[in-house]
Amino acid sequence: YQRALSRLTYVLCKWYVALQTVGRLFEVWHVLWFLACAVLVYLVQGFQVTADTPRSIYISILIFPMAFMVNAAYQRREGALGHVAEFKASCLSLYLSHRCWQ
């Protein structure tokens, strides 16, 4: 009986978390943005609106943010390596000061 009750509790908690996640996906602003995009797509297809867009626009939209992300990742990595080096130096200093105390 106890095992079945714990299993039921586990399944209910899992469903609760799943429903919370789905509920967060459908917040008011997300639904409004979805509706606005759907209406715009319907209007563009209905009126057959076309535009000649150069490929360089898409490349710049994709490449520049990726370059900034890579740069930020390297900066975070350098900062983390600096913290690790400082921690290692502090540990070595503490060890040597205790070893050479006498």
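Every read-out reported here was derived from the displayed coordinates using simple, explicitly stated rules and does not represent laboratory data. On a predicted model such as this, the values are computed, not experimentally measured, just so you know. Virtual Cβ from ideal backbone geometry, glycine too; neighbours counted across all protein chains shown.
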| task | Name the one entry in Trp101, Trp15 that is assigned to a helix (DSSP H, G or I), of a type in the set (A, V, I, L, M, F, W, C) and either touching a strand residue (DSSP E or B) at 6+ places or on another chain (Cβ under 6 Å) or on the phi < 0 side of the Ramachandran plot (or both). | result | Trp15
| query | Mind checking whether some residue in the stretch 38-58 is in a helix (DSSP H, G or I), under 24 Å from the mean Cα position of the chain (by Cα) and of a type in the set (Ser, Thr, Tyr)? | reply | yes
